[in-house]
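Some notes on the structure that comes next.
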Amino acid sequence: MRPEVSVRPVHIGVFAAVLVLVGGLLLGWSGRAGAAADPLLSRGKAATASSTEGSSYAAGKAFDGNTGTRWASAEGKDPQWLRVDLGANATVSRIKLAWEAAYAKAYRLEVSADGATWTTVAEEKAGNGGTDEWTGLAGKGRYVRMYGTARGTSYGYSLFEMEVYGSTDATPSPTLPTPTGTTTPGGAFTVVAAGDIAAQCTASDSSCAHPKTAALAQRIDPKFYLTMGDNQYDDARLADFKAYYDKTWGAFKAKTRPVPGNHETYDPAGSLAGYKAYFGSIAYPQGKSWYSFDEGNWHFVALDSNAFDQSAQIDWLKADLAANAKKCVAAYWHHPLYSSGGHGNDPVSRPVWRILYDAKADLVLNGHDHHYERFAPQDADGKATADGIVEIVGGMGGAEPYPIEQIQPNSQKRISGDYGVLKLDFTDSGYGWSYVGTDGKAKDTSPTYSCH
């Protein structure tokens, strides 16, 4: 439970608005008194949201200075949020919200330096719409968001304008990716990844982990999400996807780039039937269960390790890598070549490793074993080498943890028992990551690697 703060909003009615207008005219200023020392920071800044009702109601509409436009979330769902990037660290002293008819009955105003860890600066539990103005705040951060927890109507959340006032600090702060199809300056972006996710349980069961990893993944708010197979247990039927995965990780399905695991092959309706029906073209953008895509200076290759014996996939992989023009390459699939967990090393992917190594690939992500592990750069024969591929096992998305069985050569860090996700930070020339637990704390942080 977040602590309550003592500041309260001023709900501005018609009479108060007239007084404000008159006062502003007398001061020879069209805004609110004191603005010279309390400038508006959010106008025209980059904005994102948990959802939108449609393209006409994008997040940026709440920061464009036009009261004839608005942001609107998807209808009928809690929670929802609206976030603005102020562009630099700031001390936030005042926030003004102009609600449309679809207002928030309960919401928090939060600030963050990095867009991952948030601090509440104000909280409303009995909102009635109209205009709320919170003063006397002392929040510090680059990112500010309204986090709505209860709608005041049967619709969604909708704001004509959200104005953030304060003073910009000189200290720079981290830049987050904007999940709207554009990259941040310099091509930097963040990705969340995990494998072995949706056990057949729901949030009503306190021991159920995938609702917790999903909430963590969504708080990080990456450019997109990667899953490394075994997305749904036990047989990956469509009905199970809808009953479990969809209730948690399904919240950001449109931004997810999945691959199948062995459990996806167990569907009685046919191998990968439920997986394909649930994800559709997201998992089959090129008509196969393997595909590739680019982001920034990176080329991502999504592979189906259930079908590594099929020449069609191997031939496609060779052609795809030969055509790649990006400097950095990452690949991901389910079965790891190297693992210190219960399943151990799986040689099924050794030929694929050789192909990737020859193409100077940088990073491989896997699941299958339900633990976290990172390896030093190595080749397909397990020889440590500076020009080798870094492998991460990230199978702690929600399935029951596996113990560490036999530590493999070049294994640098192993964690079993702490559920979490990989938070991967990519630049034009390199990458690094943290393994973040469901408590929001980094359990392991990698070195920073340069692309080959």
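The values are calculated or read from the model by the stated rules, or taken from the named source; none is laboratory data. This is a predicted model, so every value here is computed, not measured. Quick reminder, even Gly has a Cβ in these numbers, built from the backbone with ideal geometry, and neighbours come from all protein chains shown.
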Could you say which residue among ALA106, ALA74, ALA88 is modelled with pLDDT of 95 or more, surrounded by fewer than 18 Cβ atoms within 10 Å (Cβ to Cβ) and either of a type in the set (Val, Ile, Thr) or closer than 28 Å to LYS255 by Cβ (or both)?
ALA106
Residue check for ILE415: touching a residue at least 60 places away in the same chain (Cβ under 8 Å), farther than 29 Å from GLN310 by Cβ, not assigned by TED's automatic domain parsing to the domain that holds TRP118 and not polar (S, T, N, Q)
no
Six or more apart or on different chains, Cβ under 9 Å: which pairs go from a residue in segment 267-281 that's assigned to a loop (DSSP other than H, G, I, E, B) to one that's modelled with pLDDT under 95 and of a type outside the set (Lys, Arg)? Could you list them?
none
Mind checking which residues of segment 95-151 are of a type in the set (Lys, Arg), in contact with a strand residue (DSSP E or B) (Cβ under 6 Å, 6 or more places away or on another chain) and assigned to a strand (DSSP E or B)?
LYS96, LYS105, ARG108, LYS140, ARG142, ARG145
Applying the selection to segment 125-138, what residues are modelled with pLDDT of 90 or more and either among the hydrophobic types (A, V, I, L, M, F, W, C) or crowded, with 22+ Cβ neighbours inside 10 Å (or both)?
ALA126, ASP132, TRP134, LEU137
Enumeration of residues in segment 63-93 that are closer than 20 Å to GLY166 by Cα and basic (Lys, Arg):
ARG83
Which one is farthest from TYR338 (Cα to Cα), of the residues in segment 408-427 that are at pLDDT 95 or above and among the hydroxyl-bearing types (Ser, Thr, Tyr)?
TYR419
Residue by residue through segment 284-323, note down the ones that are assigned to a loop (DSSP other than H, G, I, E, B) and either small (Gly, Ala, Ser) or surrounded by 17 or more Cβ atoms within 10 Å (Cβ to Cβ) (or both).
GLY287, SER289, TRP290, GLY296, ASN297, LEU303, ASP304, PHE308
From the option list ALA74, ALA62, single residue qualifying as closer than 23 Å to ILE220 by Cα, hydrophobic (A, V, I, L, M, F, W, C) and in a loop (DSSP other than H, G, I, E, B) is ALA74
What's the number of the condition TRP353 fails, among (1) touching a Gly at 6+ places or on another chain (Cβ under 8 Å); (2) more than 30 Å from TYR244 (Cα to Cα); (3) buried (at least 19 other Cβ atoms within 10 Å of the Cβ)?
(1)
Based on what the data block shows, is ALA359 over 23 Å from LEU272 (Cβ atoms) and out of contact with any strand residue (DSSP E or B) (no Cβ under 8 Å at 6 or more places or on another chain)?
no
With the structure loaded, tell me whether ILE407 is surrounded by fewer than 22 Cβ atoms within 10 Å (Cβ to Cβ) and either among the β-branched types (Val, Ile, Thr) or not assigned by TED's automatic domain parsing to the domain that holds GLN218 (or both) or whether it fails that test.
yes
Pairs, please: C-beta under 7 Å, at least 6 apart or cross-chain, first residue within 12 Å of ASP196 (Cβ to Cβ) and in segment 334-350, second assigned to a helix (DSSP H, G or I) and not acidic (Asp, Glu)?
HIS334/ASN262; HIS334/SER305; HIS335/SER305; HIS335/VAL348; HIS335/SER349
Exactly one of SER411, SER429 is within 30 Å of ALA199 (Cα to Cα), touching a Ser or Thr at 6+ places or on another chain (Cβ under 7 Å) and among the hydroxyl-bearing types (Ser, Thr, Tyr), and that one is SER411
Every residue in segment 359-408 that is of a type in the set (S, T, N, Q) and either within 19 Å of GLY195 (Cα to Cα) or in contact (Cβ under 8 Å) with a residue 12 or more places away in the chain (or both), please.
ASN366, GLN378, GLN406, GLN408
Kindly provide the set of residues from segment 217-256 that are outside any helix (DSSP H, G or I), under 20 Å from SER434 (Cβ atoms) and touching a residue at least 40 places away in the same chain (Cβ under 8 Å), ordered by number.
ASP221, PRO222, LYS223, PHE224, LEU226, THR227, MET228
